Amino acid sequence: MTASMPDPSSTRVGLISDTHGLLRPEAVEALRGSDFIIHAGDIGDPGILEHLKRIAPVTAVRGNNDRGPWATAVPETATLRVHEAVIYVVHDIAALHVDPSSAGIQAVVTGHSHRPRVDMRGGVLYVNPGSAGTLRSLLAVSTAYLLIAGMKVTAPVVKLGV
């Protein structure tokens, strides 16, 4: 696991996605110390959200593989405000139907592709923490986190030693 220590004046929001029913101990360890956790969909098992809630409050969205009665209670999009920063969460970036910059959003968190990625576009930080669940070809197993101080948001990716 590679990660730097957060600034003590900032709030840490752990990011996880595409667990597909598998919550790895390495992912749990990477999320420890988070003030909030965002799960960006393809959860796979409601027990994963219950486990994450023991670490920090959880905001989760439903992914394209989340089905069944439990999944209908999980929204397709969510918004989380931390300090002055607004974070918008949607599983698949293709389903982003708002203009984040115009809506006053500082960060957009997605999943779906299983590829960790951090981009700044139009003054908005876009973060995909990658997949923390099942292995897919040569893609790394990863999580990420947001460090938020006021409206400033940064996002290191954490590659898990799996």
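What follows is calculated from the coordinates using simple rules that are stated; it is not laboratory data. Here the structure is a predicted model, which means the values were calculated and not measured. Every residue, glycine as well, gets a Cβ built from its backbone with ideal geometry; the counts of neighbours run over all protein chains shown.
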I'd like to know how the chain sits against the 2.2 N^0.38 Å rule of thumb: what's its Cα Rg over that expected value? 0.93
If the only charges are +1 at each Lys and Arg Cβ and -1 at each Asp and Glu Cβ, what is the size of the charge dipole of the chain around the Cα centre, to the nearest 20 debye? 180 debye
Rounded, prolate or oblate, given the Cα gyration tensor of region 93-162, with a/c below 1.5 counting as rounded? oblate
With unit charges on the beta carbons (Lys and Arg positive, Asp and Glu negative) and the dipole taken about the Cα centre of the chain, which residue among VAL82, LEU23, GLY63 sits farthest to the positive side? LEU23
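Going by how many other Cβ atoms sit within 10 Å of their own, how do VAL127, VAL28 line up, fewest first?
Working: VAL127 29, VAL28 18.
Least to most surrounded, the residues fall as VAL28, VAL127.
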Looking at the chain, send over the antiparallel percent of its DSSP beta bridges, to the nearest 5. 60 percent
